[in-house]
1. Please report, in cubic angstrom per residue, the volume enclosed by the convex hull of the alpha-carbon atoms of the stretch 48-104.
2. Show me, for the stretch 107-124, the HN-Hα J-couplings you get by feeding each phi into the Karplus relation (A = 6.51, B = -1.76, C = 1.60, θ = phi - 60°), rounded to Hz, glycine and proline as x.
3. HN-Hα J couplings of the stretch 71-78 from phi, Karplus 6.51/-1.76/1.60, θ = phi - 60°, integer Hz, Gly and Pro as x?
4. Cβ under 13 Å from Gly43's Cβ, Gly43 left aside: what net charge do those residues give with Lys, Arg +1 and Asp, Glu -1?
5. Using 0.36 nm per residue of separation minus the Cα-Cα distance, give me the extension gain between Ala219 and Ala24 in nm, one decimal.
6. Can you list residues whose amide H is under 5 Å from Tyr148's amide H, if they're 5+ apart or on another chain and H is modeled 1.01 Å from N?
7. First select every other residue whose beta carbon is under 15 angstrom from the beta carbon of Ser20; then total the charges, Lys and Arg +1, Asp and Glu -1.
8. For labels at Trp136 and His252 in the simple 7 Å Cα→Cβ model, what's the distance in nm?
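Bear in mind these aren't lab numbers, they're just calculated from the coordinates by the rules spelled out. Since we're looking at a predicted model, the values are computed, not measured. Cβ placement follows ideal geometry from the backbone for every residue including glycine, while neighbour counts extend to all protein chains displayed.
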Amino acid sequence: MDRFELAWAAGFFDGEGWASAVAAEGRRTRQPQARINQADPNGVPAVLARFQRSLGGLGRIGGPYTKDGREDLYWWDVSSRGDVKLLHHFLLPWLGRVKLEEFGETLERPPARSRLASDTDEWLAWCAGLFDGEGWASMWSHRTHAGYLSAEIGVGQSSNDGQPEVLRRFQSVLGGRIYGPYKQSGATMDVYRLKASALSSVEEMATRLRPWVSPVKRADLDLVGEILRGQPPLPRGRPDWGNRKTHCIHGHEYASSRVRPYRSRGKDSPPRDSHQCLICAREQAKARREQKRRSAADDGRQSLSETAAIYLLK
């Protein structure tokens, strides 16, 4: 079996799966099982088929379950102790703490400890699995620039124990910022969301996720990237606030208004353009000195910068 596909499957199970022991009628012991549900109006979801292939054909896919007003529901499941143990063995290296505790309780054994994520292809595949289960890529009208669209890539997860571990793992590999908790009507757990919304962050996250995600989410990422690349460069800042100006109000260019050579204040610090007009600053300082001299002369006081001889000759 492909290790990267197993890592993807672990991420997908972290987002969408669950394991438990069910007390079936007529049995004295509880029956272990594990399951993933997915809705799709177009037949068996591709992610369920991929999950089953990743595990070498383990488990079965059932459905559809139909209900008015809802998309058809399909599921993948295993329902024997041996198959649940095998599933646990396959996904163990990447599963998060919550799912490992579920498997521990289901199989009546101490839960394994989850591992820290790292910036490797295996963990990128795990992130893609979590994104396939709980992620989104969306766009909406820009808040301040008419005609422009803003993009967002995000992953959601519920928790009553602070920020979900799986979101912190995802963040350690791909970045983004975690928001929450949010309350939802009828929900038993708080909701947290990891989001990337800055243009550079969206582009980087989409580029790194794309090789590993399933076709539906890949199409979403491609559409977002196509729209972003098709937009003209966004004018930064608010011109009416004076942001991103290149010249001061007197016409001096910021980049060339330095009146003395640049001297670094830190080791190997490269020269930088000035965002203050040093010509104007020098002229204003000179005007303040002249004003101080005039005030001293008018008041009959000696300026601290004047010698006694000059003061007496006034």
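1. In the stretch 48-104, the Cα convex hull volume per residue is 111 Å³.
2. 8, 6, 9, x, x, 6, 8, 6, 10, 6, 7, 9, 7, 10, 5, 4, 6, 5
3. Computed from phi, the couplings for the stretch 71-78 are 6, 4, 10, 10, 8, 10, 7, 10 Hz.
4. Residues close to Gly43 contribute a combined charge of -3.
5. That pair, Ala219 and Ala24, stretches by 66.0 nm at full extension.
6. Amide H neighbours of Tyr148: His142.
7. For residues surrounding Ser20, the net value is 0.
8. 5.1
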